[in-house]
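*Asks:* Once you've had a glance at the structure underneath, I'll fire off some questions.
What follows is calculated from the coordinates using simple rules that are stated; it is not laboratory data. This structure is a prediction, so every number in the text was calculated from the model and none was measured. Cβ: placed from backbone, ideal geometry, glycine included. Neighbour counts: every protein chain shown.
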C-alpha cells in the first residue's frame, strides 16, 4: 500500500500527522473522543481505533454528543473529533490532537497537472494517521477503502466535481484496494440508493452483461440510469459515480454508496450514540458495514 501522508493531497497535514503518530506510538493510554454521534465522526474515529487495536495500545472511546463540553474532562493524551471547530491541530505539551472540520488542499489533475482545490475530510485524515500508527495492521488495511468515505458524503459531491474524491479513488484502485466497476457488476443493490432503477430491467441487464461488448454495456447502463436524469438529485458528479464508477472492496457485496446509504438509516432506527457505536464496531470487525462475501 502507498503511504497516504506521502501523497500530495495530504501535504497540508503530513508534518502534524507524523508528530501525532509518534505521540500515539509511545504506548500511553489514549482517549478517543467525539463531540457528536454522527456518521461523519464515526467514519473518522473508526480507523484510529482500528490502529490502536492492531498495535495493542490501550485506549478508551468517549462519544459525548455535547459539543459545548469540548475537551473538558478529557485526560491527556487524547484525540478529539469536533466538526464544529475549523482546525486540525496538535499540542505536544498537553498532548492533544483536535481533528475538526475539513482541511483545504490542492489536487493536480490531468495531463497538464492543473491544480484543483478540494478538502481533506476528517475520515481521510484519520486513515492517513492510522496507517502511520500501524503500517501493517490487519484492521487498518481492511478498512482502507473507507478512506474515501468522508469525501463521498461531503456536500461538494452534490454541487461540483471533487478532485480529492477522484484522487483518492484512483489511488485506491491503482494499488488494488478497491475495484471501480459499472453498476451491473455490483453483487447486491440497495434500492433506496438509486430509486430510479427498475428492478426487472436490472435483472435482465445482469443476465446479458457477460455477453455484451463495450458498446452494448454502455447502452445498457444508460438505459438503467436514464430515468434518474429527470430528478433534481443526485448531482451530475454523484450520478455518474452511482452508475459508472461504483466502489467495491474484494469481499463486499454492497458498494460504498449503498453501505453509506444503509448506515444513514441506522440513525433513524436507534439512538444516535448506539448507531455511531454500531458503525464503528462493524468497520473495525469486518471492514464493512453490511454483509461481506465471507458472511
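*Asks:* Suppose a student asked you for the relative contact order of the chain, using Cα pairs under 8 Å spaced at least 6 residues apart; what percent would you report?
*Replies:* 19
*Asks:* Okay, next question. If we count other beta carbons within 10 Å of each Cβ, what is the order of 239, 81, 10, fewest first?
*Replies:* 239, 10, 81
*Asks:* If you don't mind, there's one more thing I want to ask. Just to confirm the number: angle between the C-alpha axis of helix 199-208 and the first principal axis of the chain, 0 to 90 degrees, nearest 10?
*Replies:* 80
*Asks:* Provide the descending list of Cα extents for region 1-70 along its principal axes, expressed in whole angstroms.
*Replies:* That gives 35, 27, 20 Å along the principal axes, largest extent first.
*Asks:* Only Cα pairs within less than 10 Å get springs; with that Gaussian network setup on the chain, which residue of 54, 271, 213 has the largest fluctuation?
*Replies:* 213
*Asks:* Sticking with this structure for a sec: Quick check: the angle from helix 163-174's long axis to the longest principal axis of the chain, C-alpha only, nearest 10 degrees?
*Replies:* It works out to around 80 degrees.
*Asks:* Further question on the same structure: Can you grab the distance from the C-alpha centre of region 263-286 to the C-alpha centre of region 143-192, Å, no decimals?
*Replies:* 20
*Asks:* Which values of log₁₀ I(q)/I(0), to two decimal places, follow from the Debye formula for region 180-248 at q = 0.14, 0.24 Å⁻¹ with a uniform point scatterer at every Cα?
*Replies:* Values, matching the q order: -0.38, -1.17.
*Asks:* Still on this structure, please answer the following. Using the alpha-carbon atoms, what tilt in degrees (0 to 90, nearest 10) does helix 39-55 show relative to the longest principal axis of the chain?
*Replies:* Tilt of helix 39-55: around 60 degrees.
*Asks:* With a 10 Å radius around each residue's Cβ, average the other Cβ atoms per peptide and rank 281-287, 183-189, 127-133, highest first.
*Replies:* Order by mean packing, descending: 127-133, 281-287, 183-189.
*Asks:* Shifting gears a bit: For the chain, what is the percent of antiparallel DSSP beta bridges, rounded to the nearest 5?
*Replies:* For the chain, the DSSP antiparallel bridge percentage is about 55.
*Asks:* Tell me which label goes with the value of mean projected area of the Cα convex hull in nm² computed from the coordinates here: (1) 16.2; (2) 18.2; (3) 13.4.
*Replies:* (1)
*Asks:* Next question. Separation of region 28-58 and region 208-237 by C-alpha centroid, Å?
*Replies:* A separation of 39 Å, based on Cα centres.
*Asks:* Given only helices, namely DSSP H runs of n ≥ 4 each adding -39500 (n - 2.57), what is the per-residue ellipticity at 222 nm of the chain, to the nearest 500 deg cm²/dmol?
*Replies:* -12500 deg cm²/dmol
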